[in-house]
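Each remark here refers to the structure printed beneath this line.
The values are calculated or read from the model by the stated rules, or taken from the named source; none is laboratory data. A quick note: this is a predicted structure, and the numbers were derived from the prediction, not measured. Every residue, glycine among them, receives a Cβ derived from its backbone with ideal geometry; neighbour counts consider all protein chains shown. These area figures cover heavy atoms from the full protein model, side chains too; ligands, DNA and RNA do not enter into them. Shrake-Rupley method; radii C 1.70, N 1.55, O 1.52, S 1.80 Å.
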Amino acid sequence: MKLFGTITLALCVAAAVSCGQQNRKNEDGMKKNEVIENIMSRRSIRQYKAEPVARETMDTIFLCGINAPNGMNRQSWEVRVVDKPETVAKLKELMITGNPEMKPEMVEGCFRNAPTLVFVANDPAYDFSAIDCGLLSENVMLSAWSLGVGSVCLGSPIRFLKNSPEALEMLGFSEGYNPIICIGLGYPLESPDAKPRDASKIKFVE
Ligand SMILES: Cc1cc2nc3c(=O)[nH]c(=O)nc-3n(C[C@H](O)[C@H](O)[C@H](O)COP(=O)(O)O)c2cc1C
């Protein structure tokens, strides 16, 4: 009986703490909790420590990624991770070879210095596949941030990649899958300010 009372008290305290979290407000009067704080504090990071993100941490991040909502649970994505420095260097080399018209620094720079590179490919045969990939990517970036890992969503490497058959082959996506976005990840060396957002784009239809 005493044990039952202790458990009930613990649950009540947990519920109170949890409700407290839901009801906290910041200086702007906005409701906040840990999820909202995580979303609001994430920023694109473009300066990283050289070490790749620990594989154990990446496992958690990808578990969050694949638990994103996705059309009909088709999970119409494929993900390739390049995090060994020598593999990253090889991939960049192949991309530079594939884009002789571009200055090598441009290909190199498009990864924004991130040591762990995640390539996401979609299945164009499914009309909502790009959305699936976007949602997976956001889960990756937000869960990463909650674990102290910075990220940057990168479109430009995809353009370079499309001209690089050898780099594409190296990534080894299944037939029919197209790389759609790259995510750079790593331990941040900067903490940029938020860029302005336009709240007027959202309107309630009465
Ligand atoms: C589809 C997409 C493509 C992007 N491509 C690049 C890119 O190629 N290089 C880059 O530095 N940032 C890229 N970004 C990051 C955006 O510039 C950044 O998210 C935006 O400026 C808002 O800043 P914040 O992420 O810090 O809030 C991309 C973001 C998205 C969603």
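Odds and ends about this structure:
- Cα gyration tensor category, rounded, prolate or oblate, for the stretch 55-186 with a/c compared to 1.5: oblate
- Fluctuation leader among ILE180, ILE131, ILE45 - the chain, Gaussian network, Cα springs under 10 angstrom: ILE131
- Net length gained if the chain between ILE202 and ILE66 were fully extended (0.36 nm per residue, minus Cα distance): 46.1 nm
- Hypothetical label at LEU147: residues of the stretch 66-85 whose amide nitrogen lies under 19 Å (7 Å Cα-Cβ projection): 66-69, 78-85
- Under 18 Å of direct C-alpha separation, and excluding same-chain neighbours fewer than eight residues apart, LYS162 reaches these aspartates and glutamates: GLU78, GLU93, GLU101, GLU105, GLU108, ASP123, GLU175.
- From the alpha carbon centroid of the stretch 132-199 to that of the stretch 75-98 is 12 Å.
- Taking 31 Å as the limit for the C-alpha separation, the pairs LYS25/LYS84; LYS31/LYS201; LYS49/LYS201 exceed it in the case of LYS25/LYS84; LYS49/LYS201.
- Each Cα pair under 8 Å and six or more residues apart adds its sequence gap; the mean of these over the residue count of the chain is a relative contact order of 30 percent.
- Per-residue SASA entry for LEU94, accessible area with 1.4 Å probe, Å² rounded to 10: 20
- Cα gyration tensor, the stretch 50-126 - rounded (a/c under 1.5), prolate or oblate: oblate
- For the chain, adding -39500 (n - 2.57) for each run of n ≥ 4 DSSP H residues and dividing by the number of residues yields -14000 deg cm²/dmol at 222 nm.
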